[in-house]
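K.L.:
Sharing a structure with you now.
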Amino acid sequence: MASDPLRRRSEPKEKPRPKIWAEGDQRPPFNLRAFGSASLHLSREGVAPLHAWVARTARRVAVNVKNGAGRIPEEKLGRAARFVPSHLRVAAWIKNGAAILSHASATADPDVKRGNALVAEIEPHLWPGKAAPLSPAPVPDPLSAPPANPEPVVLAEPMQPGDDPLSAIRSDLEGGPAARPAPATALPAPPGPAATGAIQVSGYALGWLSCFAALPYGLAKAAWLHIKGVDLRRIGQDD
């Protein structure tokens with residue numbers, strides 16, 4: 001049976017290509033691995049700024065306490081004054097807490113440079129101009145020759161406490177011995193190697209614990225972005 005040339009000519013040469021996306025649905029396909037990675041990334045982005053804000057606030061509080069804010073006079077404490085730490089010691093403790101929070105923020109922050117900048121901002125000691133210990137006086141060489149004409153050294157006679165007339169008058173007016181000036185409080189030393197390592201480890205642990213605690217927030221935000229049509233595989237790749 002001969003074929004009809006007109007019928008063959010009327011048949012389409014190529015079949016229509018299938019559409020990539022269904023009509024009315026432009027969302028990318030769901031990827032469980034990309035969903036989990038995006039959720040963790042969003043959790044870290046949400047936690048890091050909170051740690052950074054608290055760290056900066058704690059350092060400002062430490063500076064204010066160092067300058068005397070909230071200091072309780074010793075005369076009001078009475079006998080309990082020896083059990084209460086000085087305001088300088090409390091300021092150093094608050095500053096160390098700020099350092100832990102800065103390391104927690106740097107651990108949680110996906111931006112490594114921003115986290116390192118925060119640590120460098122919080123890390124400096126509250127007393128950068130602390131005096132270094134005095135070096136011992138030079139010991140003269142016993143083999144060196146003494147000077148030709150040594151001058152005699154005249155030592156002043158020690159003054160007894162009762163020899164000062166002003167002190168005696170002040171004691172008579174106050175009805176007792178002259179008050180001695182209070183000894184100066186020693187400045188807290190910067191953290192040593194062991195304390196610095198403990199601060200870093202504590203900040204690292206706090207950073208990751210807070211990220212996992214905030215994971216429900218990241219899951220909810222990643223689900224919302226997927227519903228809006230955002231490709232979750234691109235989250236965290238542009239940082």
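K.L.:
Provide the FRET efficiency to the nearest 0.05 for the Ala198-Phe30 pair, computing r from the beta carbons and using R0 = 41 Å.
P.N.:
0.40
K.L.:
Still on this structure, please answer the following. When the Karplus curve 6.51 cos²θ - 1.76 cosθ + 1.60 is applied with θ = phi - 60°, which whole-Hz ³J(HN,Hα) does each residue of the range 188-204 get, with x for Gly and Pro?
P.N.:
Taking θ as phi minus 60°, the curve returns x, 6, x, x, x, x, 5, 5, 5, x, 5, 5, 5, 5, 5, x, 4 Hz for the range 188-204.
K.L.:
Please state, as a whole number in µm²/s, the translational diffusion coefficient that the Stokes-Einstein equation yields for the range 77-132 at 25 °C and 0.890 mPa s, with Rh defined as the Kirkwood radius across alpha carbon pairs. The partial results should precede the final answer.
P.N.:
Details: Rh = 13.3 Å.
After rounding, the answer is 185 µm²/s.
K.L.:
In nm, to one decimal, how far is the modelled label at Leu215 from the one at Val112, with both set 7 Å along Cα→Cβ?
P.N.:
2.4 nm
K.L.:
What's the ranking of 82-91, 206-215, 68-77 by average number of surrounding C-beta atoms within 10 Å, highest first?
P.N.:
206-215, 82-91, 68-77
K.L.:
Now, a different point. Along the three principal axes, how long is the range 35-105 when you take its alpha carbons, biggest first, rounded to the nearest angstrom?
P.N.:
62, 20, 15
K.L.:
Let me ask something else about it. Mind listing the phi-derived Karplus ³J(HN,Hα) values for the range 30-47, rounded to whole Hz, using 6.51, -1.76 and 1.60 with θ = phi - 60°, and x for any glycine or proline?
P.N.:
Running phi through 6.51 cos²θ - 1.76 cosθ + 1.60 with θ = phi - 60° gives 6, 10, 5, 5, 5, 5, x, 5, 5, 5, 5, 5, 5, 5, 5, 5, x, 7 Hz.
K.L.:
Sticking with this structure for a sec: With θ set to phi - 60° and the Karplus curve 6.51 cos²θ - 1.76 cosθ + 1.60, what are the ³J(HN,Hα) couplings of the range 55-69 in order, to the nearest whole Hz, using x for Gly and Pro?
P.N.:
Going residue by residue, I get 5, 5, 5, 5, 5, 5, 5, 4, 5, 5, 5, 4, 7, x, 5 Hz, with x marking Gly and Pro.
Where a number appears in this text, it was derived from the coordinates with a stated rule and is not lab data. Bear in mind that the values here come from a model prediction, so they are computed numbers and not experimental data. Heads up, the Cβs are rebuilt from the backbone with ideal geometry, glycines too, and the neighbour counts pull from every protein chain shown.
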